[in-house]
Amino acid sequence: MSKKVLQLKKVFSDGSIIITGSGVLIEGVAARATKVIPDERGRLGEIMRSDDKWFEKFGQMYFTTTYPGMVKAWHYHKKQTDHFYVVKGTVKVALYDSRENSPTLGVVNQIYMSEYCPALLRIPPGILHGWMCVSDCEAYIINLASELYNYEKPDEFRTDPHDNDIPYDWKRKDG
């Protein structure tokens, strides 16, 4: 028995940043291009500054990697806001709003993030999220989290990446 997967259409666009979704942009989710300054030596990229309108507070910053074809999903936080930035490779990030009192309850969003399209993705508390590495190389993701990771009582709640009620399929779509 297969679950019903929702059709995705463009729900947000800002230049090369495109989010597709099953309805609208999930309440509280946002994405924007980041500032990249190239010169003859290379590039400098600003991810976030303390005067950024998205900046709440600094909890911690960490990196994680994902091998090609692997899925790291689903989880959410009750307090933490995540800010994802892809340094290398390409990932397909999926988001699902399961918040009971949300105006976007049940909505799915998807965004491709890459070193070739520098972007920052804001994910508020309560949104189930994860990603799949769709590049042929290991993807490197930086997260600027609003909260410190609590090793004794993590603010992290997980759901199986494939066996769940989320109307999203991680399979590659050829065509």
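The values are calculated or read from the model by the stated rules, or taken from the named source; none is laboratory data. Owing to the predicted nature of the structure, the values given are computational and were not obtained by experimental measurement. For neighbour counting, all protein chains shown are included, and Cβ atoms are generated from backbone atoms with ideal geometry for every residue, glycine included.
At-a-glance table
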{"quantity": "Test: residue in the range 116-127 that is hydroxyl-bearing (S, T, Y) and crowded, with 16+ Cβ neighbours inside 10 Å", "calculated": "no"}
{"quantity": "Residue within the range 70-92 that is touching an Asp or Glu at 6+ places or on another chain (Cβ under 8 Å), under 24 Å from D14 (Cα atoms) and surrounded by fewer than 19 Cβ atoms within 10 Å (Cβ to Cβ) present", "calculated": "yes"}
{"quantity": "One residue from V11, V87 being more than 25 Å from R158 (Cβ to Cβ) and at pLDDT 95 or above", "calculated": "V11"}
{"quantity": "Conditions (1) of a type outside the set (K, R); (2) crowded, with 22+ Cβ neighbours inside 10 Å; (3) under 16 Å from T20 (Cβ atoms); (4) touching a residue at least 60 places away in the same chain (Cβ under 8 Å); number of the one not met by A139", "calculated": "(3)"}
{"quantity": "Residue that is farthest from the chain's Cα centre (by Cα), among those in the range 26-52 that are of a type in the set (K, R) and surrounded by fewer than 11 Cβ atoms within 10 Å (Cβ to Cβ)", "calculated": "R41"}
{"quantity": "Any hit, the range 74-84, residues being modelled with pLDDT of 95 or more and over 24 Å from D52 (Cβ atoms)", "calculated": "yes"}
{"quantity": "Residue within the range 53-68 that is under 16 Å from the mean Cα position of the chain (by Cα), more than 27 Å from D163 (Cβ to Cβ), surrounded by 20 or more Cβ atoms within 10 Å (Cβ to Cβ) and in contact (Cβ under 8 Å) with a residue 40 or more places away in the chain present", "calculated": "no"}
{"quantity": "Residue list for the range 11-25, filter: under 25 Å from R99 (Cα atoms) and either under 12 Å from the mean Cα position of the chain (by Cα) or acidic (D, E) (or both)", "calculated": "I19"}
{"quantity": "Boolean, I18 is modelled with pLDDT of 95 or more, surrounded by 17 or more Cβ atoms within 10 Å (Cβ to Cβ), more than 19 Å from I142 (Cα to Cα) and among the β-branched types (V, I, T)", "calculated": "no"}
{"quantity": "Residues within the range 107-129 that are within 10 Å of the chain's Cα centre (by Cα) and of a type in the set (F, W, Y), tallied", "calculated": "1"}
{"quantity": "Set G23, G59, G42, G28: member being modelled with pLDDT of 90 or more and touching a Leu at 6+ places or on another chain (Cβ under 7 Å)", "calculated": "G59"}
